[in-house]
1. Which angle from 0 to 90°, rounded to the nearest 10, does the C-alpha axis of helix 411-421 make with the longest principal axis of the chain?
2. Taking neighbour Cβ counts within 10 Å as the exposure measure, how do 78, 375 sort from fewest upward?
3. Please identify, among 72, 191, 172, the residue showing maximal mean-square fluctuation in a Gaussian network model of the chain using a 10 angstrom Cα cutoff.
4. So if each residue of separation counts as 0.36 nm, and I subtract the Cα-Cα distance between residue 4 and residue 163, what length gain in nm does that give?
5. Between residue 51 and residue 398, how high is the FRET efficiency from 1/(1 + (r/R0)^6) when r is the Cβ-Cβ distance and R₀ = 45 Å? Nearest 0.05.
6. For the chain, what is the mean residue ellipticity at 222 nm derived from helices alone (per DSSP H run of n ≥ 4: -39500 (n - 2.57); sum divided by total residues; nearest 500 deg cm²/dmol)?
7. Highest first, please rank the peptides 293-303, 26-36 by the mean number of other Cβ atoms sitting within 10 Å of their residues.
8. Please state the equivalent ellipsoid semi-axes for segment 259-405: what are the square roots of 5 times the Cα gyration tensor eigenvalues, largest first, in whole Å?
């Protein structure tokens, strides 16, 4: 049966292809789908045949444009500083404005299910106000505090000793304090303006949704030892290349050196110097390097050896099956595409969620992690290890099996369809966040 789904998201770079990819597949299955978001999303949504309407009250955001990026989080050096800017400027302060835009579209479109980017808690509030079932999409590893895991945002791996596990407990408590200090007052103010009850923690705004769909591999994440809310489901990643990725003809040469595919993001994070160091490292290795710039820079802004090609963009999904190693900034989409093909990854995180994704790659043994300030020699040495040592490719292959299973099952689409089928049953039930030890 055809249902109606309203997707609400911001232009945040890496969140867009997976969320719009789900929306596109829902539309291809015959469901009526509409996207509410930043005006910068319109070209991509239209390219995939989706209805789209822009925010009116909410502030407009476009991290893919240096001129129109109001966050400019790359100017903040510390991880905590970046978290504070992103959560305050996107999630918390404008929550009521996002709620107003969502309420207006709920009245016009009358969806069976609201599908909200977790970066927009105001959208989930609007669904709660109208009694519409809500699914929250998390486009990277699970970000809320979980017993047994380090808090998200600091790029830490799980503690293995008594001391490091105590560190994780203390940091989880600090994370709760940090986010509640930043967001609880504006979240409760927005809820109060809508006539909704106050919350005890900001995390409850996410877990109150009927479904929280985490778009990654559970084997890849750090939550296996924790107790998650009953609303949380792991649905695996969505691996769509963005519609702006240009076609690329790979050389049809049997003796061509092994391919190393590089993608350091589709948003400006001050990565020009890092990109040049990666290019220089590839130039001294017996490989064929393909550096994709994500339309952030022009290819002629770099100097490359004969064995390295620099292009504005390319469809990673078409190239990864022939790649031996991938180099990424730690963006979840790029990493998942590589691991889904059993390709180990060298992660050079620049900020945002990238340190946490890189920590998971290294923890799984499916790649290596270096600082974004790594020298050309350090990058070259890490690439040499990934090319030579078989353990990295073996670990990536183990993750590939699970990721491909999720992709084949299209679990996210199935969960949304099941939620829509419950529309005529009992009223939506809200879930509380678990108590953390």
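We did not get these values from a lab; they are worked out from the coordinates using the rules stated. Values in this document were obtained by computation on a predicted structure and should not be read as measured data. Cβ atoms come from the backbone with ideal geometry, glycine included; neighbour counts cover every protein chain shown.
1. On a 0 to 90 degree scale, this one is about 10.
2. Values: 78 9, 375 13.
If I rank by nearby Cβ atoms, fewest first, I get 78, 375.
3. Per the Cα network of the chain with a 10 Å cutoff, 72 tops the list.
4. Details: separation 159, 0.36 × 159 = 57.24 nm, distance 5.02 nm.
That works out to 52.2 nm of additional length.
5. Details: r = 40 Å, r/R0 = 0.88.
Efficiency, rounded to the nearest 0.05: 0.70.
6. Working: 14 runs with 168 residues, N = 437.
The helix contribution divided over the chain gives -12000 deg cm²/dmol.
7. On the way: 293-303: 15.3, 26-36: 19.7.
Ranking, from highest mean packing down: 26-36, 293-303.
8. Equivalent ellipsoid semi-axes, largest first: 21, 16, 15 Å.
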